[in-house]
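Read the figures in this text as sums done on the coordinates, not as results from a lab. The model shown is predicted, which means the values in this text are computed figures rather than measured ones. As a convention, Cβ positions derive from the backbone with ideal geometry for all residues, glycine included, and neighbour counts pool all protein chains shown.
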Amino acid sequence: MFGQVTYDKIYGYTIDLNNPDPETAVSYTDDAVGITPGNGWDDEPIFGRIRPLLYKRNATIKDVGYLNLNNYTEFMDGTPADITSGESGDVYVDFPAMYIQISEDTENNMVTVRLAMKAKDGFVKLKRRLVSAYLNDQNNSLSGKTIYKKEPQYAFQIYRLEVARTLDILT
């Protein structure tokens, strides 16, 4: 799928926080130089391992069903996936374990992020993490469900819940 996989690569990007234009505010560094924005990342092993899945809580990892990247309503083999009822599980995005380094240039108001598949000096390990693909109002992740109730404070509670679910990514 990826040709020869090289785990020594470092994929980096720098964000110019002074530049409000998202098309030009980001520049690639390290082994990311030359990668085409958008789908160009799909061919890189570190990002090709980020994929959607249908997962039922308290199931074993072998009960995971990976979904079609371009159509979450079907599994990788083309068979239908129930992503609305919750009976088969919830929809998550599986982020594999990787290593990250974030540095800030306060003088020039820039942030640089570097990612790698194996340990590097100055990098922190990110644990494998499942992140909700859909934010619903009942601690689930299903397509076509209510995102939040009309009360703004309830929407904020949902936001806080999702942030709490993803905060341990750096631990």
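Packing here is the average count of other Cβ atoms within 10 Å per residue, and on that basis the peptides 77-84, 7-14, highest first, run 7-14, 77-84. The packing ranking, built from the mean of other Cβ atoms within 10 Å per residue, places the peptides 94-103, 17-26, 122-131 in the order 94-103, 122-131, 17-26, highest first. Using Cβ point charges alone (K and R +1, D and E -1), the dipole size of the stretch 1-123 about the Cα centre works out to roughly 520 debye. Taking the Cα centre of the stretch 10-133 as the origin and placing charges on Cβ (Lys, Arg +1; Asp, Glu -1), which of I35, I102, T79 is farthest toward the positive end of the dipole? Value computed over the given set: T79. Normalising the average separation of contacting C-alpha pairs (under 8 angstrom, six or more residues apart) by the number of residues puts the relative contact order of the stretch 10-133 at 26 percent.
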